[in-house]
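The values are calculated or read from the model by the stated rules, or taken from the named source; none is laboratory data. Just so it is clear, the model here is predicted, and its values are computed rather than measured. We place every Cβ from the backbone using ideal geometry, glycine too, and count neighbours over all the protein chains shown. Please note that ligands, DNA and RNA were not included when accessible areas were found on the heavy atoms of the full protein model with its side chains. Shrake-Rupley method; radii C 1.70, N 1.55, O 1.52, S 1.80 Å.
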Amino acid sequence: MGVDQGTTGTTVLLLDEDWNLAASSHKEHKQYYPQPGWVEHDPKEILAQIKEAAEEVMEKAHVTAEQVECMGIDNQGETVVVWDKVTGEPLYPAIVWQDRRTATWIEELEEDIRYMIRQKTGLHADAYFGATKIKWILDNVEGAKEAAMEGRLLAGPTDSWFIWNLTDRKVFATDYSTASRTALFNIHTNEWDHELLELLEIPKSILPEIRNSTEKYGYATLRGCDGKEGKILISGNMVDQQAALFGQACLSEGMVKTTYGTGCFMLMNTGEQPVFSQNGLVTTIAWGLDGKVHYALEGSIFVAGAAIQWLRDELKLLEEARDSEYMAGKVKDTNGCYVVPAFTGLGAPHWDQYARGTIVGLTRGCNKYHIIRATLDSLCYQVNDVLHAMEADSGIQMKALKVDGGASANNYLMQTMADLSNVPVQRPSCVETTALGAAYLAGLAVGYWKSTDDVLQNWSVDRTFTPNITPEERKKRVKGWNKAVRCAYHWAKDEEDE
């Protein structure tokens, strides 16, 4: 069983021993925006959905809990939960990776502190990562700091919350890849870092134990198709984007994947040595496997599929997200319009916490189809920015880009991606590679599959999109994008602070 717990919902897959999909289920959870730039989830709602979706796939596949060999879970990475270890109640909603409430605190850090964070963690000092979110809860929820110091609280990425609950409060753990997304984890020593914990006033005692991505974590109690509860071994755990890298069979150095989810995340496997970016990317842990830690370069784009949801939910330009492909095809170009969906700032390679969304180049001739097309194009421009940064840091010129995630089903989007990046775009037969990666990890941990070679052999291409515009057209369009992005910079920053 593979459980992909993402930003907008949870997907659960059940695979048979021949890698065939036996059943799947998807549950969407609610997004909360209590203030501009704040994003929250209800951790209890998500936990309930994991259980519901897991039990639903067993019902669909007509299997009991005892027949499920193992399960792997992936998580949102930077989203955090703080809870009371006696009552099991969260002190506050989960603060989501997109949340920007701690941007001011980050901004006030001295340059030498920012450098220290970068050197120890591989990450930029940014509100995106989990550390300042935990700090905010401890500082702002009444009695939280005292309770933490007294050892009454537990805190960590969402995986630690799920596993603790699924194992009947027996296991409090995370894995190396997830720990590396907190900005509290030293990627050289592979431990929680004392200096960083001191800086943020977070007691080490409230954080989870750090384990391998493939390991026997404990047993989840779930109900199978026969209505009886049974124990299912949790033997895989990692960050969602790293799970997608694994599910895409990017198992050797230099291989790259891009996931089009709520955000868009591009990872390159850099092997057993960390590569530090000179071009705005972050260095992170890919996974801990067979006693070895593997590293990755990552570019994080905060808004991707969320921009399509924005067209649907807020602007009411779409009835369904999937309609975007048809609508974009009703016009031959964007009529000079560019959309920069920096709703919660800009991630790699710009890292501007105060950037905000813009629509530029509007003329009287622009209609909703142009805006929809420009919004889809924005996802590709952002990925293209990261792709060039990745090539510069690694010294590797990419021969192909593997894609996955819900929006990768959009043929217009994938063709535009190939056109702008000037590399072939490969879409696999199964685009739910995040949940697949979690399932693969779990199966490897218990010997269900023999080795990572089995993962390589199982990966197959559904369709390849090849570049189809002239170099002159590509250069012109990218130049316009760069101009549009500059218009979004620093928008939310007060003039007196500039």
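Of everything in the range 141-185 that is within 26 Å of the chain's Cα centre (by Cα), among the small types (Gly, Ala, Ser) and more than 19 Å from residue 127 (Cα to Cα), the residue that is surrounded by the most Cβ atoms within 10 Å (Cβ to Cβ) is 160. Output the residue which, of all residues in the range 6-27 that are under 16 Å from the mean Cα position of the chain (by Cα) and either over 19 Å from residue 223 (Cα atoms) or of a type in the set (A, V, I, L, M, F, W, C) (or both), is most open to solvent (accessible area, probe 1.4 Å). Ranking the candidates gives 8 first.
Residues in the range 411-458 that are open to solvent by 60 Å² or more (accessible area, probe 1.4 Å), farther than 29 Å from residue 326 by Cα and assigned to a loop (DSSP other than H, G, I, E, B): 2 in all. Name the single residue that is surrounded by the most Cβ atoms within 10 Å (Cβ to Cβ) among those in the range 352-369 being more than 9 Å from residue 342 (Cα to Cα) and of a type in the set (Lys, Arg). It comes out as 368.
May I ask you to say which residue of 178, 182, 132, 174 is modelled with pLDDT of 95 or more, touching a Pro at 6+ places or on another chain (Cβ under 7 Å), assigned to a helix (DSSP H, G or I) and not basic (Lys, Arg)? Answer to the selection: 178. Evaluate the following for residue 106: is it in a helix (DSSP H, G or I), closer than 30 Å to residue 228 by Cα and in contact with a Ser or Thr (Cβ under 7 Å, 6 or more places away or on another chain)? So residue 106 does not fit the description; no. Look at (1) of a type outside the set (Phe, Trp, Tyr); (2) out of contact with any helix residue (DSSP H, G or I) (no Cβ under 8 Å at 6 or more places or on another chain); (3) closer than 30 Å to residue 62 by Cα and you find that residue 228 fails only one, number (2). At least 1 residues that are among the acidic types (Asp, Glu) in each: list the strands (runs of 3 or more DSSP E) lying fully within the range 1-56 that qualify. By residue number, 2-5, 21-28. State which residue is surrounded by the most Cβ atoms within 10 Å (Cβ to Cβ) when the search covers only the range 63-105 and only residues that are more than 21 Å from the chain's Cα centre (by Cα) and among the β-branched types (Val, Ile, Thr). This residue is 68.
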